[in-house]
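Below you'll find the structure, written out as structure tokens, and then a few comments.
The values are calculated or read from the model by the stated rules, or taken from the named source; none is laboratory data. Bear in mind the structure is a predicted one, so any value in this text is a computation, not a measurement. In this analysis, Cβ positions are derived from the backbone assuming ideal geometry, glycine residues included, and neighbour counts consider all displayed protein chains. Only protein heavy atoms, including side chains, enter the accessible area calculation; ligands, DNA and RNA are left aside. Shrake-Rupley method; radii C 1.70, N 1.55, O 1.52, S 1.80 Å.
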Number of protein chains: 2
Amino acid sequence: MNTAEAEPTREGSLLLDDQLCFALYAASRAVTARYRPLLEALGLTYPQYLVMLVLWEQDSISVRDLGAALQLESSTLSPLLKRLEAGGLLRRERRAEDERSVAIRLTDAGARLRDQAEAVPLAIGDAMGLTPEEDALAKRLLRELTANVTAG
Amino acid sequence: MNTAEAEPTREGSLLLDDQLCFALYAASRAVTARYRPLLEALGLTYPQYLVMLVLWEQDSISVRDLGAALQLESSTLSPLLKRLEAGGLLRRERRAEDERSVAIRLTDAGARLRDQAEAVPLAIGDAMGLTPEEDALAKRLLRELTANVTAG
DNA sequence: CCCGATTGAGTCGTGCACAACTTATTCGTG
DNA sequence: CACGAATAAGTTGTGCACGACTCAATCGGG
């Protein structure tokens, strides 16, 4: 019998492999790395892809609402949106009814990119290799975790 | 009955809330944000904290082995270690037996910081609010996911 | 109607992450 | 032993993330 896992995970352990946070951090980076070559073919980074997912669902959204959907600050989104605009995928225009707000709208090229993006979730789902039940369970746990940790 | 979750999650969906990758990405950032004030009290960022966890477990480790443990490139670790060295928590010295390799060793201050760090996992475990079973399950799923996605 | 408080977007500075590359050292095979 | 391949660490450039801040527009109570 090996020594790994010989000790039960104690509450206040400082061992790296006992930390859920590290499993989460490592998994997040590994998944993003898996997306990278697929998204590079679309000319997108991973956070840019998430922005496009939101826009394909709801075009003409404010920076504020985009930030709420992705849980990102305007200080992250503003430069990112500027790069997507430079890439010709979207336009930004001040709203007439509230000049503080900026509406993000897809260009035709941005809307068309959706067709190419269809292949991405399929390829990733394949690579993840989880059963539909495991996938659903993981999403449930991660959302519960996010909600708990964000709250108090 | 509401419309959310009315549709079953389809395989190739492009809806943000169907993406496991986003649940993962959001959870990782939310957990890191929860660590931030705790670690700030120790003078550490989150990745720096992970490096210290490894060093508290195994002092005098090479940059290479540190990178293997954390799945980080030397281009990420080198500047990070330089900052920890500037903060007086560790020293870097070329190994005599292989001048290519650099050994990372804790200073007394670095070793002593462990005592203060003991409180961190307890506070976080509390905030996460998962049962021990859910915690173990989440770690299992995340490791399986990481392994699958890293492999092929 | 006014003026202080709030809100929405953006800028700036710091610190990751990672690809591509450089440099120095060591290894391995003829 | 020589010398090309491999390895360890570090540098550079790009793009997030986020806190602290600025600025302009809007809101709301008196």
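Which residues of segment A:51-68 bury at least 20 Å² of accessible area once all protein chains are present, versus their chain alone (1.4 Å probe)?
Listed in order, they are A:LEU53, A:GLU57.
Could you work out how much longer the chain between B:ASP98 and B:LEU42 gets when fully extended? Use 0.36 nm per residue separation minus the Cα distance between them, nm to one decimal.
Computed gain between B:ASP98 and B:LEU42 is 16.8 nm.
Estimate the FRET efficiency between A:THR131 and A:ALA33 by the formula 1/(1 + (r/R0)^6), using the beta-carbon distance for r and 35 Å for R0, to the nearest 0.05. Don't skip to the end; give the middle numbers.
On the way: r = 23 Å, r/R0 = 0.64.
Approximately 0.95, to the nearest 0.05.
Please state, to two decimals, what the Cα-based radius of gyration of the protein assembly as shown comes to when divided by 2.2 N^0.38 Å (N = residues).
1.11
Where only protein heavy atoms count, and the probe is 1.4 Å, what is the accessible area per residue for chain B in Å²?
Heavy-atom SASA per residue in chain B reads 55 Å².
Taking 35 Å as R0, compute the FRET efficiency from the Cβ-Cβ separation of A:ALA111 and A:SER75 and round it to 0.05.
Once rounded, the FRET efficiency stands at 0.80.
What is the Å³ per residue value for the convex hull set by the Cα atoms of segment A:26-77? Spell out each step's value before the answer.
Working: hull volume 4.6 nm³, N = 52.
So the per-residue Cα hull volume is 89 Å³.
What's the total accessible area buried between chains B and A, using a 1.4 Å probe, rounded to the nearest 100 Å²?
For chain B against chain A, roughly 5700 Å² becomes buried.
Place +1 on the Cβ of every Lys and Arg and -1 on the Cβ of every Asp and Glu in segment A:1-131, take the dipole about the Cα centre, and give the residue among A:GLY125, A:ALA96, A:LEU70 whose Cα lies farthest towards its positive end.
Farthest towards the positive end: A:ALA96.
Net charge near A:TYR46, counting Lys/Arg +1 and Asp/Glu -1 over other residues with Cβ under 15 Å of its Cβ?
Its environment carries a net charge of +4.
Accessible area of chain B with a 1.4 Å probe: how many percent of it is carbon plus sulfur?
Answer for chain B: carbon and sulfur cover 50 percent of the accessible area.
Dipole of chain A (Lys/Arg Cβ +1, Asp/Glu Cβ -1, origin at the Cα centre): which of A:VAL51, A:LEU141, A:LEU80 lies farthest to the positive side?
A:LEU80
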